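Just so it is clear, none of the values below were taken in a lab; they were calculated from the coordinates. What you see is a predicted model; the values in this text were computed from it and never measured. Cβ sites come from the backbone with ideal geometry, for glycine too, and all protein chains shown count toward neighbours.
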Amino acid sequence: MRQGIAAMLLAAQLAAAPAAELPIFDAHLHYSHDAWANLPPEKAIELLRSAGIRRGLVSSSNDEGQQRLAAAAPELILLSLRPYRNRGDQSSWMRDDTVPAYLVERLSRYRYVALGEYHIFGADVDLPVPRQLVALARQHGLVLHSHSDADAVERQFAQWPQARILWAHSGFDTPANVRAMLLKHRNLWCDLAFRSDHAPGGELDPEWRRLFLEFPDRFMVGTDTFTPERWPYVVEHAKLARKWLAQLPPEVAERIAWRNGETLFASARR
């Protein structure tokens, strides 16, 4: 597997543009144990730079992966703490009473800008463990990176009306429903990771275009490297993002490409 990843990495680097015209803030990256076993931190950082990524929001299962990336390039990597110690925690963390102590321990050792990406849906948000996660975000001034349906987002805002939530994958919801949520919640941002419906084949969808123009300060791009095989795709994803971003007014494209991410996480970084 290591040789396969190395070959894909080389191909991606050769395909990268010599100089990226538009910087990218990648708001959805993972560097979990199966990635770092095949892609050393320095190679992952090299890949991000080849793609023209100026900053990346990274989480991992377990947390050691992103710590290795941050040590290699602290100016490039922003840390987001997941409640997962392994991949199996994705479906059980919200009922695992040991999770809050784990989060407290990591928060005492490292500087994060967000909690997540975590998977939570509907009424599970109101279970004791997710409530403690939201309380920790409030205590530490962290963004919540929530892979959720709209109901779960609503429930998190009910617990903490001033929360800043980055809605992973824009909830995999329709433009109309995303618009309704953005109208209702001024502290809701959306990443576009692992979606193609907003720009199939690199051509901007008219309904999404209207949404981007209406809310130019509420969207971010993201690759979602949830498996090792998606890491070489970082370069191609950035190129594709620049293609559809070029179909927007320059100031809107710049906001979605990188300014919104920098703005949202600036206070947390301070």
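Please compute the net charge surrounding R55, taking Lys and Arg as +1 and Asp and Glu as -1 over other residues with Cβ under 9 Å from its Cβ. If you can, show how the numbers build up before the last one.
Numbers: positive: R54; negative: D26, E75, E262.
Overall, the nearby charge balance is -2.
Tell me, what does the Kirkwood hydrodynamic radius of the chain come to in angstroms if you use every pair of distinct C-alpha atoms?
Here the Kirkwood hydrodynamic radius works out to 18.6 Å.
Give, as a single signed number, the net charge of other residues whose beta carbon lies under 14 Å from the beta carbon of E207, with Lys and Arg counted +1 and Asp and Glu -1.
Net of charged neighbours comes to -1.
Going by how many other beta carbons lie within 10 Å of each one, how would you line up K239, K184, fewest first?
On the way: K239 17, K184 12.
Listing K239, K184 from fewest to most nearby Cβ atoms yields K184, K239.
Throw me the Rg/Rh for the stretch 189-262, computed over C-alpha atoms with Kirkwood Rh, two decimals.
So for the stretch 189-262, dividing Rg by the Kirkwood Rh gives 0.95.
In what sequence do W189, W160, W167 fall when counting other Cβ within 10 Å, fewest first? List each step's numbers first, then the result.
Working: W189 23, W160 16, W167 26.
The fewest-first ordering by Cβ neighbours comes to W160, W189, W167.
Do the sum for the chain: with -39,500 (n - 2.57) for every DSSP H run of n ≥ 4, divided by all residues, what is the mean residue ellipticity at 222 nm, to the nearest 500 deg cm²/dmol?
Theoretical 222 nm ellipticity from helices: -13000 deg cm²/dmol.
In nm, what is the difference between 0.36 nm times the number of residues separating T227 and R138 and their Cα-Cα distance?
29.0 nm
So what's the Cα pair-distance distribution over the stretch 123-252, bin width 5 Å, in %?
Pairs per bin, as whole percents: 2, 10, 20, 21, 18, 14, 10, 5, 1.
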